1. Counting only other chains, and only Cβ atoms inside 10 Å, what mean value do you get across the residues of C:112-123?
2. What does the average come to when, for each residue of peptide B:246-252, you count the partner chain Cβ atoms lying within 10 Å of its Cβ?
3. Distance from the Cα centre of segment C:27-65 to that of segment A:82-102, in angstrom?
4. Among A:164, A:190, A:217, which one shows the biggest mean-square fluctuation in a GNM of chain A, springs joining Cα atoms closer than 10 Å?
5. Which value in nm describes the separation of the simple spin-label points at residue B:73 and residue C:55, placed 7 Å from the Cα toward the beta carbon?
6. Just want the ordering: A:91, C:106, from fewest to most Cβ atoms lying within 10 Å of their own Cβ.
7. What nm distances, shortest first, do you get from the label point of residue C:96 to those in the other copies when the point sits 7 angstrom along Cα to Cβ?
8. Run the simple label-point estimate for residue C:174 and residue B:201 please: 7 Å along Cα→C-beta, distance reported in nm.
């Protein structure tokens, strides 16, 4: 028996919305420690990893580890039948082929129950090596989304350059070229608006804006996003779902081996 | 001479918006008791009935009964030239072929006057038999709209089952199946949010969600909607426009003779 | 060297949005007195004229008069990378072929710099004769936008008739005919909502609603718009950008030589 309750169902809705344009079908792995998911996008360029610790849930029970094979688009459609304020409970019998979703309104006057068929999905779990990153930028997630959207008007590739006191996003395209510089900024009174740079050495890498734009669908999950970079290693964009329980949604994207990185400078 | 003044023109705009997707052309019947309208939708599956009592209007004068033949889409387009806050006056001469619409802004600084041609429309007035319904559910109109929209994501047909302490909306489709249960709930302090069930005997009927969805265009007219049901008799969905004068917009829809009602259970 | 700083960059964004659907490419003329622009729309029916006095800017420097040849659509796209609250600085070297745009967030934590190529654009400066207008109507710009939009639902051509105590906008179309009368109204406490009519003699002219609708893209620039009219002379629609420095955006449109002006009456 597996049963997990999201006290604020909105979080689950946001998580699925933040994955469904990258990943079509995936296995959500449930075990005694919590729920997790790992999947490559359909063109095998980026990777999404979700971790929800058991403590994150309002209540959590998982007698035996199971994998729930889900089509994310269908899952998302059924979740549209929940109100943002609803509590959402996911349930599955051991060995069953059905996932039950229960939505409860806050005052208990409306209770909805939906069943969706589970799928058998082949997937291999990729070991993501623990990496010490040379540069980690933590910034307002809305600011990151804005920069990715703005620069996407101008070009396809963004250069991200980390220095001690700031991070520079640069782009070149038919309209012209440009860059946005975000300075280190520890707004003590509004920590959500801070920009922090932890730097071992300066890093400059280029990435496809198309994928970064898909990652920013997770903006609503967290007021802050962090970008971890090292040369020749995939960028990690992390949205913390819950600080206290190390629950997160992470995206990995390999840097472009870029012929015209200088032009974007 | 016919002349009727809507102090808040927004009500007229909402009424027309709530009918124009179901009914193309219709006769609005004006008499000494008020304005009324009755029309089948274009596929002759559902029926719309409007009643606006004379007392509902800011002022009302109707020397001789007349029928105003209107194309609702044209009527709606001209109404778009009114502000929501405007008072709207409809005028027609006896035997004339023109309807005059006058829009007055609250402070009187803007006055608009439009004329539209009336049409000759054949229509027969259907006698709707007075029926004692076995079950009447009164619920927040927004909640009804939400359920109809949500279940429409999953399937085409909704089963509505009334029991003493709740009403169950159930649906089946390719994605899965589900149901929403709304419990009787007399929120004394917020009567608009109450769900009331008057039951003589339990009723379970199935309806096409497509039509229910068109009915919910009337949601803005009233905070509450009522569903009246009896076996083998059309469902009535009523939106009260004005409590004191028994003015309303009603929709009638025959139940589906349903082969798979059990599956939707 | 040319350098001009808009303290509220939003104004520049609104100006460009208000011109870009009428004018594709244009020269912005910079001199010691300020920035100005004049261009016919692509079908050579209407004319747009912009004047930004030097004093309007947060800082302004123009060593030698220069013309900046811009594609407004590209310019607008790059401006989309600025936040509304950003200060925007435009810079160009004498004899250079590049315009630099700098966007600075209020707290200085984000600085963006974009470069776009300038174009060589042939344009002749049209002398607009100083005219004494027989009628000048000053009205809320939002009200003007609303009337133009509403009447555009009904017909293509609007008759504008100015009398001592009001201005009448009339239209005829397939749906019917109508008119909107706006009365002189000196709302002393809310001057932005006033409608003022300065009249030497009554004027009645007809105009293409399509163009007026494009002019109303400037609505956000000013709470009031003024319409200046004389028989057989182009209408001027003016949006003041800054009262104190005589900075404005003006549109000129020749009246229709109208065969059915009476019908629109």
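1. 3
2. 0
3. Using only Cα atoms to place each centre, the spacing works out to 62 Å.
4. Maximum among the listed residues: A:190.
5. In this crude label model, residue B:73 to residue C:55 measures out at 5.6 nm.
6. Final ranking by Cβ density, sparse to dense: C:106, A:91.
7. Going from nearest to farthest copy, the values are 6.8, 6.8 nm.
8. Going from the residue C:174 label point to the residue B:201 one covers 5.4 nm.
Read the figures in this text as sums done on the coordinates, not as results from a lab. Bear in mind the structure is a predicted one, so any value in this text is a computation, not a measurement. Using ideal geometry, Cβ is built from the backbone for each residue, glycine included, and neighbour counts are taken over all protein chains shown.
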